[in-house]
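Remarks on the structure that follows.
Please treat every number below as a calculation from the coordinates, not as lab data. The shown structure was predicted, so the numbers you read here are calculated from the model rather than taken from an experiment. Every residue, glycine among them, receives a Cβ derived from its backbone with ideal geometry; neighbour counts consider all protein chains shown.
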Amino acid sequence: MTSYTIDSYTLTFDQQHRLLFIADAVVKLTPTEYQLMLGFIDGGVAQDETLARRALLTEGPTNTMRANLEKHINNIRKKIRRYGLRIYRVHGYGYVLAGHANR
């Protein structure tokens, strides 16, 4: 398992079981969601193309890739929201993972 800190949140990734631990909470992720979450560990903004390559969503036209990426990001948003984390869209560039002030 590998741990990272984003804002004041400790995220621990269990690659074998594709689990994300946020503090002591366990978040079950699909293989694609897991790969996308790994794209946020460096902090800052993760580019659309980088996330898509990481999750192998690069096939098809750009609009299809973006639609698939948005679908998976929305699924992750639903799973992590209760733990105080948010994924924000940076228009025309990508996404950023950040803590929310109101946990």
> Taking the Cα centre of each part, how many Å lie between segment 61-87 and segment 1-38?
Replying inline: 15 Å
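Arrange the peptides 5-14, 29-38 so that the one whose residues have, on average, the most other Cβ atoms within 10 Å appears first. Write out the running numbers ahead of the final one.
Working: 5-14: 14.7, 29-38: 19.6.
Listed from highest to lowest mean packing, they are 29-38, 5-14.
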> Can you run phi through the Karplus equation (6.51, -1.76, 1.60; θ = phi - 60°) for segment 35-50 and list ³J(HN,Hα) in whole Hz, with x for Gly and Pro?
Replying inline: 4, 5, 4, 4, x, 9, 5, 7, x, x, 8, 9, 5, 3, 5, 5
>> Along the charge dipole of segment 29-99, pointing to its positive end and built from +1/-1 on Cβ of Lys, Arg, Asp and Glu, which listed residue (L97, I80, A67) has its Cα farthest out?
In response: I80
>> For the chain, what does the helix formula give at 222 nm: sum of -39500 (n - 2.57) over DSSP H segments with n ≥ 4, over the residue count, nearest 500 deg cm²/dmol?
In response: -10000 deg cm²/dmol
>> Per-residue counts of other Cβ atoms within 10 Å, averaged by peptide: what ranking do you get for 76-83, 46-53, highest first?
In response: 46-53, 76-83
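Kirkwood hydrodynamic radius, the chain, all distinct C-alpha pairs: what's the number in Å?
So the Kirkwood estimate lands at 13.7 Å.
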> Each residue of segment 68-83 in turn: what ³J(HN,Hα) in whole Hz from Karplus with 6.51, -1.76, 1.60 and θ = phi - 60°, glycine and Pro shown as x?
Replying inline: 5, 4, 4, 4, 5, 4, 4, 5, 5, 3, 4, 6, 9, 4, 5, 9
> By how many nm would the segment from K71 to H91 grow when fully extended, if each residue of separation counts as 0.36 nm and the alpha-carbon distance is taken off?
Replying inline: 5.6 nm
